[in-house]
1. Name the residues in segment 1-19 that are aliphatic (A, V, I, L, M) and exposed (fewer than 14 other Cβ atoms within 10 Å of the Cβ), would you?
2. Here is a list: Ala178, Ala151, Ala163, Ala159. Which entry is under 18 Å from the mean Cα position of the chain (by Cα), within 16 Å of the ligand (Cβ to nearest atom) and either on the phi > 0 side of the Ramachandran plot or touching a residue at least 12 places away in the same chain (Cβ under 8 Å) (or both)?
3. Return the pair list, or none, for Cβ contacts closer than 8 Å from residues in segment 263-280 that are farther than 18 Å from Met21 by Cα to residues that are at pLDDT 95 or above and assigned to a loop (DSSP other than H, G, I, E, B), at least 6 apart or on different chains.
4. For segment 241-265, what are the residues that are away from the ligand (no atom under 16 Å from the Cβ) and either polar (S, T, N, Q) or assigned to a loop (DSSP other than H, G, I, E, B) (or both)?
5. Test of understanding: among Gly106, Gly22, which residue is within 14 Å of the chain's Cα centre (by Cα) and surrounded by fewer than 19 Cβ atoms within 10 Å (Cβ to Cβ)?
6. Can you pull out every residue in segment 218-240 that is in a loop (DSSP other than H, G, I, E, B), over 16 Å from the mean Cα position of the chain (by Cα) and among the polar types (S, T, N, Q)?
7. Could you grab the pairs with beta carbons closer than 9 Å, sequence gap of 6+ or different chains, first residue in segment 23-46 and over 20 Å from Cys272 (Cα atoms) and free of Cβ contacts under 8 Å to residues at least 40 places away in the same chain, second one of a type in the set (Gly, Ala, Ser) and not in a loop (DSSP other than H, G, I, E, B)?
8. Taking segment 120-148 as the search range and keeping residues that are of a type in the set (D, E, K, R) and more than 16 Å from the ligand (Cβ to nearest atom), which one is farthest from Glu197 (Cα to Cα)?
Amino acid sequence: MSRRFLTALEQEKTLVLDGAMGTMLLQHDLDGIECLEFANLTAPAVVAHIHQAYVSAGAELVETNTFGANPVRLARFGLADQALEINRQGVVIAREAVGEQALVLGAIGPLGELLEPYGDISPQTARAAFTLQAEAFAQAGADACIVKTMADLTEACLAVEAAVACGLPVIAQMSYEASGRTFMGVDPLQAASRLAEAGACVIGANCSVGPEQMLTVIKTLREHTPLPISALPNAGLPTVTGTVTQWPLKPTEFAQWGLQLLGAGASLIGGCCGTTPEHIGALAKALRSQNG
Ligand SMILES: [Zn+2]
């Protein structure tokens with residue numbers, strides 16, 4: 001399975017990833033479930049529908065609905081004992097939804113609690129949590145793993161190493177704020193070298209900011225790593241009015257920024273919070289026209 005992803009990396013000039021899962025799921029009635037990843041067991045058709053919408057729009061890689069499905073985070077919802085099944089189902093749903101039209105990336109997000117010495121999570125606990133996810137992805141036949149939205153470089157490296165140990169190629173993304181650093185103070189230069197050492201085969205950035213603010217980070221990464229670079233920005237910087245969050249970038253604007261990210265050196269491009277199949281559709285069209 002993993003060879004398909006590496007072959008795609010070698011063959012394609014650019015690869016289109018999907019957009020947001022979380023903000024899309026929140027638009028559906030999920031019977032009040034608080035843990036979005038639990039939808040893999042309770043509402044698989046809704047998750048499958050979102051994957052299909054992204055592939056129809058032009059996504060070549062889709063990410064499983066397993067971002068927060070590590071046992072540390074699931075424990076908050078009393079779901080830690082279902083972690084294996086939630087992760088396995090995440091891959092099964094995506095695979096059945098997209099068939100041969102797209103590759104499936106098992107998604108790993110942060111544990112949601114800080115590692116020692118800043119918090120209580122030991123490296124052993126973190127490693128075990130990420131290994132559970134990665135083993136489930138590998139067993140269920142994911143093409144690769146995407147480690148994303150990381151702020152702590154040690155945590156990110158533990159996740160990358162866990163996935164590499166399961167035989168999965170890994171895209172490793174930190175989440176850089178407008179300052180150009182993650183909220184734990186990591187800069188792209190440090191990330192590029194340590195994530196590559198940990199075994200990542202693509203280095204990138206996602207979430208926190210829109211494409212405009214991400215551009216500098218991508219340029220810095222391009223200067224400091226020979227590896228392919230991924231960029232999955234939000235649909236701009238959101239405005240929050242009461243309980244309503246609005247994302248400013250329209251699909252056509254997002255697509256124009258996608259071309260700038262391509263020019264800055266990213267070759268795997270998709271979206272994060274606030275992006276929709278319409279954003280990915282416009283992006284795919286713009287990138288394809290560029291490839292001539
Ligand atoms: Zn996001």
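The values are calculated or read from the model by the stated rules, or taken from the named source; none is laboratory data. Predicted model, so just to flag it, every value in this text is computed and none were measured. Positions of Cβ are backbone-derived with ideal geometry, glycine not excepted, and every protein chain shown enters the neighbour counts.
1. Here is the first cut: in segment 1-19, the residues aliphatic (A, V, I, L, M) are 1, 6, 8-9, 15-17.
Leu6, the sole residue that qualifies.
2. Numbers: Ala178 fails: under 18 Å from the mean Cα position of the chain (by Cα); Ala163 fails: within 16 Å of the ligand (Cβ to nearest atom); Ala159 fails: within 16 Å of the ligand (Cβ to nearest atom).
Being under 18 Å from the mean Cα position of the chain (by Cα), within 16 Å of the ligand (Cβ to nearest atom) and either on the phi > 0 side of the Ramachandran plot or touching a residue at least 12 places away in the same chain (Cβ under 8 Å) (or both) holds for just one of Ala178, Ala151, Ala163, Ala159, which is Ala151.
3. Once the first residue is farther than 18 Å from Met21 by Cα and sits in segment 263-280, its partners that are at pLDDT 95 or above and assigned to a loop (DSSP other than H, G, I, E, B) give Ser267/Pro228.
4. Scanning segment 241-265 gives Thr241, Gly242, Thr243, Lys250, Thr252, Gln256, Gln260, Gly265.
5. Working: Gly106 fails: surrounded by fewer than 19 Cβ atoms within 10 Å (Cβ to Cβ).
Going through Gly106, Gly22 in turn, the sole match is Gly22.
6. We begin by selecting, within segment 218-240, every residue in a loop (DSSP other than H, G, I, E, B); these are 225-228, 233-238.
From the residues that got through so far, the ones that are over 16 Å from the mean Cα position of the chain (by Cα) too are 225-227, 236-238.
Selection gives Thr225 alone.
7. Leu30/Ala39; Ile33/Ala39
8. So the first thing to find is which residues in segment 120-148 are of a type in the set (D, E, K, R), and the list is 120, 127, 135, 143, 148.
Remaining after also requiring more than 16 Å from the ligand (Cβ to nearest atom): 120, 127, 135, 143.
Values: Asp120: 26, Arg127: 17, Glu135: 21, Asp143: 21 Å.
The extreme case among them is Asp120.
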